[in-house]
Amino acid sequence: MLSKKERQEILKEIGHYPTKRAACVEALKLVQKHHRWVSDEAIQEVAEMVDMSPADLDGVATFFNLIYRRPVGRHVILLCDSVSCWLLGCGYICRHLSERLGIGLGETTADDKYTLLPMACLGTCDHAPALMVDEDLHQDMTAAKVDELLEAYD
Amino acid sequence: MERPLTRNIDPEREPNDLVGYEKAGGYQAVRKVLKDFSPEQVTQLVKDADLRGRGGAGFSTGVKWSFVPMGDDAPKTKYLVCNADEMEPGTFKDRVLMEGDPHQLIEAMIVSAYAIQASVGIIFLRWAYKLCEARLRRAIAEAEDAGYLGKNIIGSDFSFELAIHSSAGRYMCGEETGLLNALEGRRATPRAKPPYPQISGLWGKPTIVQNVETLCNVPHIVNNGAEWFKGLSRTEEGGTKIYGVSGKVKWPGTWELPMGTPIREIIEEHAGGMQDGLRLRGLLPGGASTDFLVEEHLDTPMDFASIQKAGSRMGTGTIIVLDDQSCPVGVSLNLQQFFARESCGWCTPCRDGLPWIQGLLQALEDGKGCDGDLDLLEQHTKYLGPGLTFCALAPGAMEPLQSALKYFRGDFERHIRERACPWR
């Protein structure tokens, strides 16, 4: 299911490492760059390219928080739920997001726009509560900022 | 007050590019060690300065480096890995250094690599730290163009190449050997030690894994000497420290201060004290995996030895403050939820014990706790203690729990007696 261009990208990446398997995490990220998530088919194809068994590669893929083995929406919201954000009210932000989007943690909106996931400490605790949408960091979140933010993404 | 780590940092503007960094005195340490120092002399200098690791463990950096095999019989390829996977809850100081002065970290890595004669450097960076990544990549490209990275650095015999690995996300990647496994394309489960990474690390080669803040001190120690470094501190341990405070204080943030600044000064003077109407109930001095301290400890100097004597760990030096309107059981539950979720699953006490503890705390929070639950929780703090698990994740998780049971036991008991959380 990987295009020729995608395979070439992955092969190029493999060339940067002393072992093929060392490139497997980057390879999985490249799959996600194009397909948003890593399917069983993708695991099979990438495993072959990095000389790993599919089970071995799946073990690595399922270990990492940011490799998705299930479909995700166009935008992934990573809501920090660690201690400082908890103290500063991430529970409230979470409930507000859930209400606005009509989904709970781990779910994707019906229009495939947003997936809402909890995430461990984003390292910006002096601006709690914090979240990321794709690669964008959003700090000092309030209900009003949540509403603004949800409009800002296509 | 000297602030060597943050003196170039101004969050209101872009960080120094290479030209700006050199103008501010940057890359002098690289020139100095290549010209005047043998690798062993650099290690000795860092040992004399008594630079302690600022990633959480506080181990002597110079001593760590001294175990790396050196000389003609040593393996030709050695690795210097910067642990930039800052993910300890409540910790946000390495981000400040990388975003604010990326060249400082690069210079630090070149000098440190020279000390151990590492030929390859890797910055293992949080995926979430996108701005750090962009700035570090730009700075690395500038350093390569200027001849500070690559073959024969500024005409010397020393070659060092530096790359960034963007983590795919898991707390265990911050554990030294878990990190090495992640770099090798494996699950970030821990490795048995010995062998220690200094002898057999990345792909079996000698490897030093060092925290961002620890490394950033190295060029300054080279430029100014061990006595200067020791003189910056208010106590026995050398240097400055980037302290942080989060929680319901007036001005959460980070500040570079002399090592050994008292907790009270950090919280009250720099962070402005508690928000109006709130009282301090306790604090975690250095991230989620440290023991609670309370009011009676506020005058303790924030250095490794003093905080240890007070019954906790300085860890990362970023303080999480617990106010009197936040439930200690709720906070404990949040912390154990984090640790349980991040457990790598390798060893039984951690993999099975942490969710069990989380469940017990959830029951307490929901008003469904029973007599005997607290004893069960206490037993677990022993079962998951140091030496009984494969790495320090579970023992770290037990630190806030055992201290919450010690200092806030009354609150736990109220949850059982009143069959509800009194804070809701």
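Quick note: the coordinates plus some simple rules give every number you see, no bench work behind them. Worth saying up front: this structure is predicted, and the values here are computed from it rather than measured. Cβ placement follows ideal geometry from the backbone for every residue including glycine, while neighbour counts extend to all protein chains displayed.
The figures follow:
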quantity: Folded to 0 to 90 degrees: helix B:328-342 orientation relative to chain B principal axis, Cα; calculated: 50
quantity: Dipole in debye (nearest 20) - the stretch A:20-154, about Cα centre, beta carbon charges: Lys, Arg +1; Asp, Glu -1; calculated: 180
quantity: Selected from B:W65, B:H297, B:S233, residue furthest toward positive end of dipole (chain B; charges at beta carbon); calculated: B:W65
quantity: Across B:K78/B:K151; B:K76/B:K151; A:K4/A:K29; B:K64/B:K205; B:K93/B:K130; A:K5/A:K113, pairs whose alpha-carbon gap is larger than 22 Å; calculated: A:K5/A:K113
quantity: Mean separation of Cα contacts under 8 Å (6+ apart) over length of chain A, as relative contact order %; calculated: 19
quantity: Chain B: angle of helix B:393-407 to the longest principal axis, Cα-based, in degrees nearest 10; calculated: 40
quantity: Neighbourhood net charge (15 Å Cβ-Cβ; Lys/Arg +1, Asp/Glu -1) for B:A134; calculated: -3
quantity: Candidates B:D303, B:D50, B:D373: whichever shows maximal mean-square fluctuation once chain B is modelled as a Gaussian network with Cα springs under 10 Å; calculated: B:D373
quantity: Packing-based exposure ordering (other Cβ within 10 Å, fewest first) of A:V72, A:V146; calculated: A:V72, A:V146
quantity: Contact order normalised by residue count of the stretch B:299-424, Cα under 8 Å, 6+ apart, percent; calculated: 27
quantity: Net charge dipole size for the stretch B:27-101 [Lys, Arg +1 and Asp, Glu -1 on Cβ; Debye, nearest 20]; calculated: 140
quantity: Taking chain B and dividing mean pair separation by its residue count, relative contact order in percent (alpha carbons under 8 Å, at least six apart); calculated: 15
quantity: From the C-alpha gyration tensor of chain B, square roots of 5λ in Å; calculated: 39, 24, 18
quantity: Calculated [θ] (222 nm, deg cm²/dmol) that DSSP helices of n ≥ 4 give over chain A, each run adding -39,500 (n - 2.57); calculated: -13500 deg cm²/dmol
quantity: Proximal aspartates and glutamates relative to B:K35, as straight alpha-carbon distance under 12 Å, when same-chain residues fewer than 8 apart are discounted; calculated: B:D157
quantity: Unit charges at the beta carbon, dipole of chain A: most positive-side option, A:Q44, A:G123, A:V31; calculated: A:Q44
quantity: Calculated log₁₀ intensity ratio I(q)/I(0) where the Debye formula runs over C-alpha points of the protein assembly as shown, q = 0.07 Å⁻¹; calculated: -0.41
quantity: MRE, 222 nm, helices only [DSSP H, n ≥ 4, -39500 (n - 2.57), over chain B, to nearest 500]; calculated: -11500 deg cm²/dmol
quantity: Positive-end extreme of charge dipole, chain B - chosen from B:P4, B:W203, B:P328 (charges on Cβ); calculated: B:W203
quantity: Within the stretch B:304-335, backbone nitrogen closer than 20 Å to the virtual label 7 Å beyond the Cα of B:E418 toward Cβ; calculated: B:322-334
quantity: Helix B:39-48 axis, angle to chain B major axis (alpha carbon atoms, nearest 10°); calculated: 40
